[in-house]
Amino acid sequence: MLKGDLAEFPLTDLLSALMGAGRSGALLVEAPFLKGEVYLRGGQVVHAVARTEERAREGEGALLLLSGLSRAPFRFEPEKTPPNTTLLGGLSTPMRVAEAKEVFRRLEHLPKDWGLVFRLPQAAQEVQLSLEELRLMGGAEGKRVAEVLLEEADPLRAAELLDRLLAKGVLEAVPEVRLPPSELLVLPIYGPGEGVAFVDEALYGEWARTIRRAFRARLLPRDVVLEVRPRPNIPGRIGLMEKDLVRLRLRRGDKVRVVPEV
């Protein structure tokens, strides 16, 4: 069985080799948040499908989208029959895949990790956006990169627009953090300063091991985000500076739910 990773064998090279050998079967691509199937019959690409957990698309749009994956395990299953025909085959197919790959290669800000989630930044500069950019930005918030590209009718155009929005700083892509909120008791921290929350070293370490990058703390139900730092010997509590206590109308012993976010 032919198998490997797109990081070493790009989709364009794979399709050219399979077409040149006149192979029939299915090339299965399995990225963490995007699965793909490309079917060949007698050396001609006749069907492609790309899917996330929520939805799928077929045909050329799926094939072009898969060409943007920079790394993903793949395997070729010989003689696997396509469920239907959505592509006409011919030499134009590898050419279109090569063109699409070049489009993705030129993008400087769209992340290679399509499992990252788009969000609006906490603070963004005022910039002028086109109606097309505004529509895409609104639809992208809270979704993974793979989901947004899959949903758009033209994945190449969507990739270019997302790259532009990321460059302008009006959209950012961050890891999805799925940690349950921790219910903590408020502990006053006396002294100058503000905008910082202190949590017990053990809890901070648990968050850090899971997230593996810089993170902040969101306090619920106040829905405010603060810098977070570890502090020894305060299990079950969150230390807040005096100015923050006043601003958030909190007192010693109040309960808040705290969840880390990137």
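Determine if the range 49-59 includes at least one residue that is of a type in the set (V, I, T), more than 16 Å from D13 (Cβ to Cβ) and either surrounded by 14 or more Cβ atoms within 10 Å (Cβ to Cβ) or modelled with pLDDT of 95 or more (or both). Checked against the condition, which is being of a type in the set (V, I, T), more than 16 Å from D13 (Cβ to Cβ) and either surrounded by 14 or more Cβ atoms within 10 Å (Cβ to Cβ) or modelled with pLDDT of 95 or more (or both), the range 49-59 yields at least one hit.
Within the range 100-111, being loosely packed, with under 15 Cβ neighbours inside 10 Å and either among the polar types (S, T, N, Q) or closer than 13 Å to L156 by Cβ (or both) holds for E102, R105, R106. Which residue is nearest to V256 (Cα to Cα), if the candidates are limited to the range 200-236 and must be in contact with a helix residue (DSSP H, G or I) (Cβ under 8 Å, 6 or more places away or on another chain) and of a type in the set (V, I, T)? Filtering first and then ranking leaves V224. Among residues of the range 202-217 being modelled with pLDDT of 95 or more and buried (at least 16 other Cβ atoms within 10 Å of the Cβ), the one that is nearest to L185 (Cα to Cα) is L203.
Yes/no per residue for (1) surrounded by fewer than 18 Cβ atoms within 10 Å (Cβ to Cβ); (2) on the phi > 0 side of the Ramachandran plot; (3) not assigned by TED's automatic domain parsing to the domain that holds A214:
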| site | (1), (2), (3) |
| --- | --- |
| P121 | yes, no, yes |
| L134 | yes, no, yes |
| M137 | no, no, yes |
| G142 | yes, yes, yes |
| V145 | no, no, yes |
| L149 | no, no, yes |
| D154 | yes, no, yes |
| A158 | no, no, yes |
| V186 | no, no, no |
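The single condition among (1) modelled with pLDDT of 95 or more; (2) exposed (fewer than 15 other Cβ atoms within 10 Å of the Cβ); (3) not small (G, A, S) that D163 does not satisfy is (2). Restricting attention to the range 1-31, the residues being small (G, A, S) and either outside the structural domain of E99 (by TED's automatic domain parsing) or under 26 Å from the mean Cα position of the chain (by Cα) (or both) number 3.
Taken over the range 198-217, the residue count meeting the criterion of being over 14 Å from V177 (Cβ atoms) and either part of a strand (DSSP E or B) or touching a residue at least 40 places away in the same chain (Cβ under 8 Å) (or both) is 3.
Tell me, yes or no, whether the range 160-175 has at least one residue that is over 20 Å from L107 (Cα atoms) and not small (G, A, S). Spell out how you get there, then give the answer.
Start the filter on the range 160-175 by keeping residues that are over 20 Å from L107 (Cα atoms), which leaves none.
Scanning the range 160-175, I find no residue that is over 20 Å from L107 (Cα atoms) and not small (G, A, S), so the answer is no.
Within the bounds of the range 64-81, is there any residue that is assigned to a loop (DSSP other than H, G, I, E, B), of a type in the set (A, V, I, L, M, F, W, C) and in the same structural domain as F33 (by TED's automatic domain parsing)? Scanning the range 64-81, I find at least one residue that is assigned to a loop (DSSP other than H, G, I, E, B), of a type in the set (A, V, I, L, M, F, W, C) and in the same structural domain as F33 (by TED's automatic domain parsing), so the answer is yes. Applying the criterion of at least 3 residues that are in contact (Cβ under 8 Å) with a residue 12 or more places away in the chain and touching a Lys or Arg at 6+ places or on another chain (Cβ under 7 Å) to the strands (runs of 3 or more DSSP E) found wholly in the range 97-189 leaves 182-189.
Scanning the range 72-84 for residues that are of a type outside the set (D, E) and surrounded by fewer than 13 Cβ atoms within 10 Å (Cβ to Cβ) returns P78, T81, P83, N84.
The values are calculated or read from the model by the stated rules, or taken from the named source; none is laboratory data. Just so it is clear, the model here is predicted, and its values are computed rather than measured. Quick reminder, even Gly has a Cβ in these numbers, built from the backbone with ideal geometry, and neighbours come from all protein chains shown.
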